[in-house]
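Just so you know, all these numbers are worked out from the coordinates, no wet-lab data involved. Because the structure is a prediction, the values reported are computed rather than measured. Because the Cβ atoms are built from the backbone with ideal geometry, glycine has one as well, and the counts that use them run over all protein chains shown.
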Amino acid sequence: MEKGNGCCSIMASSATITFFLVGITLVMCRVLYAMYRSSKPLRKRAPQPVSTLIVLGSGGHTAEMLNLLSVLQKDRFSPRTYIAAATDNMSLQKARLFENSLADENGVGAVKTAQFMQIYRSREVGQSYATSVWTTLLAIVHALQLMIKIRPQVILCNGPGTCIPLCAIAFLFKVLGIRWSSIFYVESIARVKRLSLSGLLLYKLRIADELFVQWPQLQRKYPRAHYVGCLM
Amino acid sequence: MGDTENGEKARKTVFVTVGTTLFDALVRAVDSLEVKQELLKRGYTNLVIQMGRGSYTPTKSGGEDGSLAVDFFTFSSSIADYLRSASLVISHAGSGSIFETLRLGKPLIVVVNEDLMDNHQIELAEELAERKHLYCARPQTLHQTIESMDLESLLPYPPGDAMPVAKLINQFLGFPDD
């Protein structure tokens, strides 16, 4: 009797362990697949507009991003959602000016194709790496809310930390099959010798589909990055 | 603004900008006697300082006695106008200020803030200095840089182009080339 019980519980627990292991393996496979498929060009894409999330940094970062946006085809990258840190009032203002100037050119309302949102920042300039763990968690929860709402097909970002929670969630959505988004990261021109923390994370974890650097010596150091000249 | 036509000495303005940063060391350096004297020697007549959030207030001067006229303000929405009317720009190492100045073709001295924790900004200033697009200094070496600089030897900065990046993004997403 006792022996039989023991046998059953061993079988039950080994079944649980097997089930658990299979589950883990499947999830790992899916994560690896998502990493592998990211950075591969999309196989087929009808020439339809793609919903685009633009993560604005601050100051110089925003200037570089708007520089890139000004040459991207607005009818392809539409609708556009802009996100900036809650502590950064200037960036969204600049994005609004940019969208308004487009609207003036085309004679359509900017409101229809563009949305503007703010997000908690995961790390302020100069904040220590230790305390940024906690603020990053907070930022992730907020980012999740926003990402569920937006579910972009394309994410354009260029640092600093604001984009990390958003990109991490975008990657999670890829793994879970909720939304396949292509993430493009342009490293700031201010980074000459080393990638920024954001750039390094997106590069090493293979979250960014394509990562652009603006100095040739940086590309030599990170061979999967692209160097096609300066943006500024 | 501008020069008066009746033979008065032409106005040559040095514009100092710290952007949105706190950089008292730079404001203090440009307000120092040695820097002001070097600027005078170089033929500059006016010094305009955008001091941002700093607490050090420079001394204003009308420049009547042949000294440098000094003026300052905290922030302005028309920094571009100040840059445009300047003969020399002394700036913090932020990439926004650097490229805005270079695009206007103004001679530029970038002063690196050594108090910043994660000071990658030195990289950009030094790289561009190596390529002879600007001069790079520290607050305590600024007067030497002004003394020894040769503005004729600076090379114009070729403006960047975002098109190649845009093209790669389009290709990745499967959009046809135009």
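General observations
- Net dipole in debye of the protein assembly as shown [+1 Lys, Arg Cβ; -1 Asp, Glu Cβ; about Cα centre; nearest 20]: 2160 debye
- When each of the peptides B:15-24, B:127-136 is scored by the mean number of other C-beta atoms lying within 10 Å of its residues, the order from highest to lowest reads B:15-24, B:127-136.
- Computed over the range B:1-143, the percent of Cα pairs more than 21 Å apart is 39.
- For chain A, the longest principal axis of the Cα atoms and the long axis of helix A:2-37 meet at an angle of about 20 degrees.
- Order by protection proxy (mean Cβ within 10 Å, highest first), peptides B:39-45, B:99-105, B:77-83: B:99-105, B:39-45, B:77-83
- For the range A:170-232, the pair-distance distribution built from all alpha carbon pairs, in bins 5 Å wide starting at 0, is 4, 20, 29, 21, 12, 8, 5, 1 percent.
- With a 10 Å cut-off around each Cβ of A:59-68, the average count of Cβ atoms from other chains is 4.
- Averaged over B:166-178, number of beta-carbon atoms from partner chains that fall within 10 Å: 6
- Charge tally around residue A:158: other residues with Cβ under 9 Å, Lys/Arg +1 each, Asp/Glu -1 each, net -2.
- The modelled label-to-label distance for the pair residue B:64/residue A:90, using points 7 Å beyond Cα in the direction of Cβ, is 3.7 nm.
- Sorted peptide list for A:153-164, A:211-222, B:62-73, criterion being average Cβ within 10 angstrom, highest first: A:153-164, A:211-222, B:62-73
- Take each residue in A:221-228, count the other chain C-beta atoms within 10 Å of its C-beta, and the mean is 2.
- With respect to chain A, whose longest principal axis is taken over its alpha-carbon atoms, helix A:59-69 is tilted by about 90°.
- Shown is the FRET efficiency for residue B:178 and residue B:85, computed with R0 = 56 Å from the Cβ-Cβ distance and rounded to the nearest 0.05: 0.90.
- DSSP bridge analysis restricted to the range B:13-173 gives an antiparallel fraction near 5%, rounded to the nearest 5.
- Against chain A, whose longest principal axis comes from its Cα atoms, helix A:163-176 is set at around 50 degrees.
- Karplus-derived 3J(HN,Hα) values for the range A:134-140, using 6.51 cos²θ - 1.76 cosθ + 1.60 with θ = phi - 60°, are 5, 5, 5, 4, 4, 5, 5 Hz; glycine and proline are entered as x.
- Selection from A:51, A:158, A:131, by position along the positive dipole direction of the range A:48-227 (Cβ): A:131
- Local electrostatic count, residue B:14, Cβ distance below 10 Å [Lys/Arg +1, Asp/Glu -1]: +3
- Relative contact order %, the range B:13-173, counting alpha carbon pairs below 8 Å whose residues are six or more apart: 22 percent
- The charge dipole of the range A:107-232, taken about its Cα centre with unit charges on the Cβ atoms of Lys, Arg (+1), Asp and Glu (-1) only, comes to about 200 debye.
- Dipole-positive endmost among A:31, A:118, A:231 within chain A (Cβ charges, Cα centre): A:31
- Inter-probe distance in nm under a simple model that places probes 7 Å from Cα toward Cβ, at residue A:193 and residue A:37: 4.0 nm
- Summed residue charge, Cβ within 15 Å of residue B:81's Cβ, Lys/Arg positive, Asp/Glu negative: +2
- Gain upon complete extension [residue A:10, residue A:26; 0.36 nm per residue less C-alpha separation]: 3.4 nm
- A simple charge model with +1 on the Cβ of Lys and Arg, -1 on the Cβ of Asp and Glu and nothing else charged puts the dipole of the range B:13-173 at about 360 debye relative to its Cα centre.
- More than 41 angstrom apart: percent of Cα pairs within the protein assembly as shown: 27 percent
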